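Before any comments, here is the structure.
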Amino acid sequence: MAVTGAIFVGYVLLHMYGNLMAFGGADVYNTYAHHLRTFLMPMLPYQGFLWVLRLVLVLALVGHVFAAFTLWNRAQKARTTRYAVKKAVAATLSAKWMRWGGVALLAFVVFHLLEFTTRTITPGGDSDSPFTRLTNGFSLWWVFLIYLVAMFALAMHLHHGIWSAAQTLGWTSSALSRRVAKTLGLTIALVVSVGFIVPPFLILVGVIK
């Protein structure tokens, strides 16, 4: 769970950075999108890097979901008696948030891929220009709303997940390391979610066209 989660943390940071290219306009963003498809050529074929990345992410996703189900199942079998009321409430809310937040993120990933990768869903119209597809999609309020909810779920998932991963990897053995882990989780969650939300919001209000 911790290792596959770390892969996703690295990916969302890089993906967020790429999305910020929208501030440069159509030429900058389209050049960035094209560069992703030609990266490491000729060692890899056209879009080869993207397919390697997709394979790694799919394997990480399968591993992450499998680990989540396995750990949940193990916890259910191990818990023969209920916790004290206060501890039970905190533990239940935390577990439910990670579980259902993860399901929401998985649903959003499917929607996101259908919109920007396979172009099966094209709100606002289809185009061969990645920048035009971006601005067409996020100029619609309901698309932005879906994205906003997903980014909130992502922020909460990162915040709790990074802290949990630090515990799993044995990095929270002291009070200082626990504070660092919590601060790191909160910082990454805020940076990623805000970084993802700002370009779509500016598209929605007409600043980025």
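Here is a list of conditions, (1) touching a residue at least 60 places away in the same chain (Cβ under 8 Å); (2) more than 27 Å from VAL205 (Cα to Cα); (3) in contact with a Leu (Cβ under 8 Å, 6 or more places away or on another chain), and HIS159 meets all of them except one; can you say which number that is?
(1)
Condition check: in contact (Cβ under 8 Å) with a residue 24 or more places away in the chain and exposed (fewer than 14 other Cβ atoms within 10 Å of the Cβ). Does LEU169 satisfy that? Spell out how you get there, then give the answer.
On the way: in contact (Cβ under 8 Å) with a residue 24 or more places away in the chain: yes; exposed (fewer than 14 other Cβ atoms within 10 Å of the Cβ): yes.
Criteria met by LEU169.
Does GLY185 fit the bill of being at pLDDT below 95 and under 20 Å from the mean Cα position of the chain (by Cα)? Walk me through how you get there before you give the answer.
Details: at pLDDT below 95: yes; under 20 Å from the mean Cα position of the chain (by Cα): yes.
Spelling it out, GLY185 is indeed at pLDDT below 95 and under 20 Å from the mean Cα position of the chain (by Cα).
Name every residue in segment 136-156 that is buried (at least 20 other Cβ atoms within 10 Å of the Cβ), of a type in the set (A, V, I, L, M, F, W, C) and either closer than 17 Å to GLY206 by Cβ or in contact with a strand residue (DSSP E or B) (Cβ under 8 Å, 6 or more places away or on another chain) (or both), in order of residue number.
Matches in segment 136-156: PHE138, VAL143.
Specify which of the listed residues (ARG99, ARG133, ARG119) is basic (Lys, Arg), surrounded by 14 or more Cβ atoms within 10 Å (Cβ to Cβ) and either out of contact with any helix residue (DSSP H, G or I) (no Cβ under 6 Å at 6 or more places or on another chain) or not in a helix (DSSP H, G or I) (or both).
The match here is ARG133.
Is it true that LEU176 is aliphatic (A, V, I, L, M) and touching a residue at least 12 places away in the same chain (Cβ under 8 Å)? Write out each step before concluding.
Values: aliphatic (A, V, I, L, M): yes; touching a residue at least 12 places away in the same chain (Cβ under 8 Å): no.
Criteria not met by LEU176.
The values are calculated or read from the model by the stated rules, or taken from the named source; none is laboratory data. Worth saying up front: this structure is predicted, and the values here are computed from it rather than measured. All Cβ positions, even for glycine, are placed from backbone atoms using ideal geometry, and neighbour counts span all protein chains on display.
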